[in-house]
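First up is the structure itself, then whatever we jot down about it.
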Amino acid sequence: MEETNVENTNVENTNVVNTKEEETKVEKKWYVVRAVSGQENKIKTYIENEISRLGLEDFVDQVLVPTEKVIQIRKGKKVQKDKVYFPGYIMVQANLSGEIPHIIKSITNVIGFLGETKGGEPVPLRLSEVNRMLGKVDELSLEADQNVAIPFVKGETVKVIDGPFNGFDGTVENINEEKRKLEVMVKIFGRKTPLELSYMQVDKI
């Protein structure tokens, strides 16, 4: 009888572990947060800090402000500047369960979620919309880097200088010479995430 009890206990413990593992695999979708124009990067930082402070990283993967690099003439010199591509909008990859929507909407200068119905839940983006928004910068810079030689090597540490991940440091994992793309591994909320970037979107450290 005692042996039977021990076996049952082991099975129960295994079920508990599996349940906990399943709970950590939270499904996330992309949403657009409406914000006060001109404050996008500050709000992005506020959201990230609040999520980190509350220990909710398992529910929010990424907070992005899509940008493009523009060239301005100042005192006769060309100066590159990051410009927010969708003023007043921030992209969030998250599982909006429990208090997550309320926490994000309570951030200073956040207006609400795009597509949110009155009294209803935020509406997630379709995959085609996500790809179009995240891929826009690549389309704009593709022509500019056609004649650029490969200035990077595998294992090199680089800084992302253009696009939604502007400011992140990462490591070059692969180089696609045909597509003139780099696979760069960056850490987002402590997790390693691979990014496909053009040569013009990263710089040496």
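The values are calculated or read from the model by the stated rules, or taken from the named source; none is laboratory data. Computed from a predicted model, the values in this text were never measured in an experiment. Note that each Cβ is placed from the backbone with ideal geometry, even for glycine, and that neighbours are counted across all protein chains shown.
Scoring residue 184 on the criteria (1) modelled with pLDDT of 85 or more; (2) out of contact with any Leu (no Cβ under 6 Å at 6 or more places or on another chain) leaves a single failure, condition (2). Looking across segment 28-56, just one residue is outside any loop (DSSP other than H, G, I, E, B), free of Cβ contacts under 8 Å to residues at least 24 places away in the same chain and over 19 Å from residue 166 (Cβ atoms), and that is 53.
Conditions tested, residue by residue: (1) at pLDDT 85 or above; (2) in a helix (DSSP H, G or I).
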{"residue": "93", "(1), (2)": "yes, no"}
{"residue": "98", "(1), (2)": "yes, no"}
{"residue": "112", "(1), (2)": "yes, no"}
{"residue": "128", "(1), (2)": "no, yes"}
{"residue": "134", "(1), (2)": "no, yes"}
{"residue": "163", "(1), (2)": "no, no"}
{"residue": "167", "(1), (2)": "yes, no"}
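Among the residues in segment 69-85, are any surrounded by 16 or more Cβ atoms within 10 Å (Cβ to Cβ), among the aromatic types (Phe, Trp, Tyr) and either at pLDDT 90 or above or in a strand (DSSP E or B) (or both)? No, segment 69-85 contains no residue that is surrounded by 16 or more Cβ atoms within 10 Å (Cβ to Cβ), among the aromatic types (Phe, Trp, Tyr) and either at pLDDT 90 or above or in a strand (DSSP E or B) (or both). Residues that are at pLDDT 60 or above, of a type in the set (Val, Ile, Thr) and within 18 Å of residue 94 (Cα to Cα) within segment 20-38 comprise 26, 32, 33, listed in sequence order.
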